[in-house]
Amino acid sequence: MSVTVRTARPGDEAEILRMIRALAAFEREPDAVDATEAMIGRALFADSAHVHAHLAERDGRAVGLALWFLNYSTWTGKPGLYLEDLFVDPSERRSGVARALMTALAREARARGCARMDWAVLDWNEEAMRFYRRIGARRSEGWQPWRLEADGIARLAAGDA
């Protein structure tokens, strides 16, 4: 049976969390997930939600996740879609699930007037990079990802940085 993609809805929290945990394990950080079903529900389904998700299903079973949010480009004057997580169950890889999710996101980006879609890929994930090249994506040259995490945020906010 073919894969279908739909917008996540209340009641999907357990499946979303399952895939987030599986992605963390794949990315060699199995103990890094602090999120709970309740946190995911608030982030995705509150009236003021800024985080969105699409689920890929085969035979009514969730087999893939794309979790994303909008950002903004001052240069284009338009929003962008930032893909935070893309996950496909290992048994479903190479079966069109990732392509279906990315196609749904491209349609979402067009409907929202986005100028671009962005995401990050771990430098060792060659399989993902090959897939992204096949769908027409390219690596951003010249930009390095930077991050300030909880402890750094706290120090900076307190004026201790």
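The set of residues in the range 34-53 that are open to solvent by less than 60 Å² (accessible area, probe 1.4 Å) and free of Cβ contacts under 8 Å to residues at least 12 places away in the same chain comprises 43, 46, 49. Contact map, the range 147-161: residues that are farther than 20 Å from residue 34 by Cβ paired with residues that are open to solvent by 90 Å² or more (accessible area, probe 1.4 Å) and outside any loop (DSSP other than H, G, I, E, B), Cβ distance under 6 Å, separation 6+ or inter-chain. Pairs shown: 161/155. Listed by first and then second residue, the pairs with beta-carbon distance under 6 Å, at least 6 apart or on different chains, first residue in the range 101-113 and over 15 Å from residue 70 (Cβ atoms), second among the acidic types (Asp, Glu) and at pLDDT 95 or above, form an empty list.
Scan the range 11-33 for residues that are over 21 Å from residue 123 (Cβ atoms), out of contact with any helix residue (DSSP H, G or I) (no Cβ under 7 Å at 6 or more places or on another chain) and loosely packed, with under 13 Cβ neighbours inside 10 Å and the total you get is 2.
Just checking: which of the helices (runs of 4 or more DSSP H) contained wholly in the range 54-161 hold 1 or more residues that are surrounded by 13 or more Cβ atoms within 10 Å (Cβ to Cβ)? If you could, list the steps in order and put the result at the bottom.
Numbers: elements: 97-111, 126-134, 150-157.
Output list reads 97-111, 126-134.
Residues in the range 1-27 that are small (Gly, Ala, Ser) and not in a helix (DSSP H, G or I) were compared, and the one that is modelled with the lowest pLDDT is 2.
The values are calculated or read from the model by the stated rules, or taken from the named source; none is laboratory data. None of these values were measured; they are calculated from a predicted model. As a convention, Cβ positions derive from the backbone with ideal geometry for all residues, glycine included, and neighbour counts pool all protein chains shown. To get the accessible areas, we keep the full protein, side chains included, count just its heavy atoms, and leave off ligands, DNA and RNA. Shrake-Rupley method; radii C 1.70, N 1.55, O 1.52, S 1.80 Å.
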